[in-house]
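What follows is a set of notes on a single structure, which appears directly below.
The values are calculated or read from the model by the stated rules, or taken from the named source; none is laboratory data. Only a predicted model underlies this, so the values are computations on that prediction, with no experimental measurement involved. Every residue, glycine among them, receives a Cβ derived from its backbone with ideal geometry; neighbour counts consider all protein chains shown.
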Amino acid sequence: MKCEEASGHINEFIDGSFDNDELLGEYLEHICSCSACYEELDVMYIVSEGLNGLKTNEDISFDFTGSLADKIREAKEGIRRAKIKKRRYLMIDVGCILIIINVIAAILLDVFFWS
Ligand SMILES: [Zn+2]
């Protein structure tokens, strides 16, 4: 991902509206290796969190850098969990297909054996 594209995904990352894990992964990979984009995200995150704090009148944690790092860590963890879940579903699908093939084979053998 290039800086220009990464810049276009800042709001999606901040408000958590990324709906594509692959793209989110590319975005995270980019911001973790590009200090300019990380800084841009950091500034936008501080502004966004500050405004949200004013709007909701909640106590604001002023450790924005720490909370952004947590948000990035959580996003990476979410992607990792989604990959594991996807793999698990794939294994269940393969298992179901094998069972169906076994049942069909058993039925066919039964039909040929008794006919
Ligand atoms: Zn960049």
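State whether one or more residues within the range 17-36 are more than 11 Å from the ligand (Cβ to nearest atom) and touching a Leu at 6+ places or on another chain (Cβ under 8 Å). Talk me through it step by step, then tell me what you get.
Step one: of the range 17-36, the residues more than 11 Å from the ligand (Cβ to nearest atom) are 17-26, 28.
Now restrict to residues that are touching a Leu at 6+ places or on another chain (Cβ under 8 Å): 18.
The answer is yes; a qualifying residue exists.
Which condition number does residue 59 fail, the rest of (1) assigned to a helix (DSSP H, G or I); (2) in contact with a helix residue (DSSP H, G or I) (Cβ under 9 Å, 6 or more places away or on another chain); (3) of a type outside the set (A, V, I, L, M) being met?
If we test residue 59 against (1) assigned to a helix (DSSP H, G or I); (2) in contact with a helix residue (DSSP H, G or I) (Cβ under 9 Å, 6 or more places away or on another chain); (3) of a type outside the set (A, V, I, L, M), just (1) comes out false.
For the range 9-31, state whether one or more residues are more than 26 Å from residue 86 (Cα to Cα), surrounded by fewer than 16 Cβ atoms within 10 Å (Cβ to Cβ) and of a type in the set (Gly, Ala, Ser).
no
Assuming residue 67 fulfils every condition listed in (1) farther than 16 Å from residue 18 by Cβ; (2) at pLDDT 95 or above apart from one, which condition is it?
(2)
Select, from 36, 75, 105, the only residue that is at negative phi, in contact (Cβ under 8 Å) with a residue 40 or more places away in the chain, small (Gly, Ala, Ser) and part of a helix (DSSP H, G or I).
Values: 36 fails: in contact (Cβ under 8 Å) with a residue 40 or more places away in the chain; 105 fails: in contact (Cβ under 8 Å) with a residue 40 or more places away in the chain.
The unique qualifying residue is 75.
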